């Protein structure tokens, strides 16, 4: 297996994606009332689209980084809708991080934030840091030759 395309930035992105996706199954919000406790994860019906979006964005970033790193014959386009691959990573990482920051700011009366929310925020931030690392090191600035 040729691991020459496995960069530290892609490792960081894949690690952040795993953390964010797995954390989406942990308690996102918890409700306690008179000894009754119920927890909701990001996939619960109340939070389904808006809370799962950061996890799915991070997962997409991780899958793209894994394909780019490990698939030898995969043809990944250098430009997607006019954006370079580094710009796509940066926009996706920023979007996931901003969405998770918004979730931590929102205060639902009677609900407590769960560990899944904080771990998803951590995973999104790690994905953003990996995207910034890609831009800083200039990874994939030239289209690959086949």
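Read-outs throughout are calculated quantities, based only on the coordinates presented, and are distinct from any laboratory measurement. Not measured: the values here are computed from a predicted model. Heads up, the Cβs are rebuilt from the backbone with ideal geometry, glycines too, and the neighbour counts pull from every protein chain shown.
Some observations on this one:
- For the stretch 33-146, the alpha carbon convex hull comes to 119 Å³ per residue, rounded to a whole number.
- If R0 is taken as 35 Å, the Cβ-Cβ distance between residue 11 and residue 104 corresponds to a FRET efficiency of 0.85.
- Sorting the segments 40-47, 77-84 by their mean number of nearby beta carbons within 10 angstrom, highest to lowest, gives 40-47, 77-84.
- P(r) tail, the stretch 1-62: Cα-Cα pairs separated by more than 17 Å, 52% of all pairs.
- Cα long-axis angle, helix 48-70 against the chain (0 to 90 degrees, to the nearest 10): 30
- Scattering curve values for the stretch 28-99, log₁₀ I(q)/I(0), Debye with Cα scatterers, q = 0.22, 0.25 Å⁻¹: -0.98, -1.11
- With contributions of -39500 (n - 2.57) from each DSSP H run of at least four residues, the per-residue ellipticity at 222 nm computed over the chain stands at -19500 deg cm²/dmol.
- Measuring nothing but how far apart in sequence close Cα pairs (under 8 Å, 6+ apart) lie, relative to its length, the stretch 74-130 scores a relative contact order of 40 percent.
- Pairs of Cα atoms nearer than 8 Å and 6+ residues apart set the relative contact order; for the chain it is 39 percent.
- Rounded to 10°, Cα long-axis angle of helix 8-23 versus longest principal axis of the chain: 30
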